[in-house]
1. Scan the range 395-420 residue by residue and report those that are in a strand (DSSP E or B) and out of contact with any Phe, Trp or Tyr (no Cβ under 7 Å at 6 or more places or on another chain).
2. Out of the range 245-281, which residues are buried (at least 18 other Cβ atoms within 10 Å of the Cβ) and of a type in the set (Ser, Thr, Tyr)?
3. Do we find a residue being within 27 Å of Ile193 (Cβ to Cβ) and of a type in the set (D, E, K, R) anywhere in the range 2-20?
4. So which residues in the range 288-311 are over 16 Å from Arg373 (Cβ atoms) and of a type in the set (Val, Ile, Thr), if there are any at all?
5. Can you name the residue in the range 387-418 that is touching a residue at least 60 places away in the same chain (Cβ under 8 Å) and among the basic types (Lys, Arg) and is also surrounded by the most Cβ atoms within 10 Å (Cβ to Cβ) among such residues?
6. Return the residues of the range 370-386 that are surrounded by 19 or more Cβ atoms within 10 Å (Cβ to Cβ), at pLDDT 95 or above and not in a helix (DSSP H, G or I); say none if nothing qualifies.
7. Taking Ile275, is it more than 15 Å from Glu15 (Cα to Cα) and either modelled with pLDDT of 95 or more or more than 24 Å from the chain's Cα centre (by Cα) (or both)?
8. Quick check on my filter: what residues within the range 371-410 are under 21 Å from Glu11 (Cβ atoms), of a type in the set (A, V, I, L, M) and in contact with a helix residue (DSSP H, G or I) (Cβ under 8 Å, 6 or more places away or on another chain)?
Amino acid sequence: MYKIVVRGGNELSGEVQISSAKNAVLPIIAASVMNGGIVVLKNIPLLEDVFIMCEILESLGAEIDFNTEIGELRIDSRNLKDVDPSDKLVQKLRASFVIMGAMLARFNRAKISFPGGCKIGSRPIDLHLKGFAALDSVVEKYHGYVEVKAKELKGSDIYLDSPSVGATQNIMMAATSAKGETVIRNAAKEPEIVDLANFLNAMGADVSGAGTETITIRGKKPCMDIEYTPIYDRIEAGTFIVAAAITKSKITVKGAVEEHLKAVLAKLKEMGLKIDSIGENTLIVDGRGTLIPVDIKTMPHPGFPTDMQAQFTALLSVVPGTSIITETVFENRFMHVSELVKMGANIKIDGRSAVVQGVDTLTGANVVATDLRAGAALILAGLIAEGETTVNDVHHIDRGYMKIEEKFKKIGADIKRIDV
């Protein structure tokens, strides 16, 4: 158990290197078993969720070699024998459910316990299961498990009631081994979907249309050994860009892909933040000007990402004027508000909207990271709060940010991790 202690008031400077995206890495690790061979993944972040996903593959018989010094992960799935991953591990990681599509593609069968709950809102798996059934699989639920079996997967035309990222990933993986053509309509468009498609194609699959609402998969079983580097983490990049804005600092963010950050950058520029591109995936962010309030509404990609809502709430809490933040993706994603209020923020919740009245200053307090992005928001608030802020339950933050305190310390923050 750890806590992070931040003393506010320092101006930030220098450059920060963004890691690969957790939300891209996890499904790619799951998909790595589909070729029945060896996959080498590079620039893999040392995150709690990544380690759990690796343990899940080991529980299935894969051989894992993770060189943590250089972030290189070698996965050998040639001797994969089991299709029932460890219940204990699955309960630790909701994203573990994407292993089903990969196992179904390889073995025509997958069995897994129902994934653990999600604090920020419901994430039903019905769309995943409807997609598997459409591929001519039999889906059974019993005693807390879900099992999917097929004599032969067959391509189908599948419409998703909502553009679920996880369902799109799971169906896309399973469909690579289906006979004929599969079309996923109303598919998720996130950059992480595109990255998974690129990975599958590198292994020999035939996936087209990723990044649009219609994805086509022509049955072609992936069988090639490959090396692959996942995309940069757009949410980590957005978090550090907001850090420059909230501390009125100028920093360089390396690994910020503008194409993946359009909605975030548009809102920050609307607020008055100066952002310049100085080369491939590198931004100079100058937060020393005056910012104005804005209204935000979270939406599926390419709309404003729900994973940046908490960080913007922290920023807008110290921007003069009134901002309204509307959360449409997850019904319980304002848990950070009560913690920010402890620090002096003036925020009122009205249904699925938060009315933020900017205050002059925040004050350090003892706060709790209720979820991953809430924890990042509290660190941002601590960077400019008077006195000392202690952020507890840091394990939530460690799920998605690699050595966050070290990265902030490198650019001038007064921040430390304490083992409790």
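The values are calculated or read from the model by the stated rules, or taken from the named source; none is laboratory data. Just so we're clear, the structure is a prediction, and the values are computed from it rather than from any experiment. Ideal geometry is used to build each Cβ from the backbone, glycine not excepted, and the neighbour counts take in all protein chains shown.
1. Within the range 395-420, Asp414, Lys416 meet the criteria.
2. Once the filter is applied, which keeps residues that are buried (at least 18 other Cβ atoms within 10 Å of the Cβ) and of a type in the set (Ser, Thr, Tyr), the range 245-281 yields Thr247, Ser249, Thr252.
3. Within the range 2-20, the first condition is being within 27 Å of Ile193 (Cβ to Cβ), and the residues that meet it are 16-20.
In the following step, the residues that additionally are of a type in the set (D, E, K, R) were identified as none.
No, the range 2-20 contains no residue that is within 27 Å of Ile193 (Cβ to Cβ) and of a type in the set (D, E, K, R).
4. Residues satisfying the conditions are Thr290, Ile292, Val294.
5. Top of the filtered list is Lys407.
6. Within the range 370-386, Ala385 is the sole residue that qualifies.
7. Working: more than 15 Å from Glu15 (Cα to Cα): no; either modelled with pLDDT of 95 or more or more than 24 Å from the chain's Cα centre (by Cα) (or both): yes.
Against the criterion (more than 15 Å from Glu15 (Cα to Cα) and either modelled with pLDDT of 95 or more or more than 24 Å from the chain's Cα centre (by Cα) (or both)), Ile275 does not qualify.
8. In the first step, residues of the range 371-410 are kept if they are under 21 Å from Glu11 (Cβ atoms); the result is 376-389, 391, 404-410.
Keeping just the survivors that are of a type in the set (A, V, I, L, M) gives 376-381, 383-385, 391, 404.
Within the range 371-410, Ala376, Ala377, Leu378, Ile379, Leu380, Ala381, Leu383, Ile384, Val391, Ile404 qualify.
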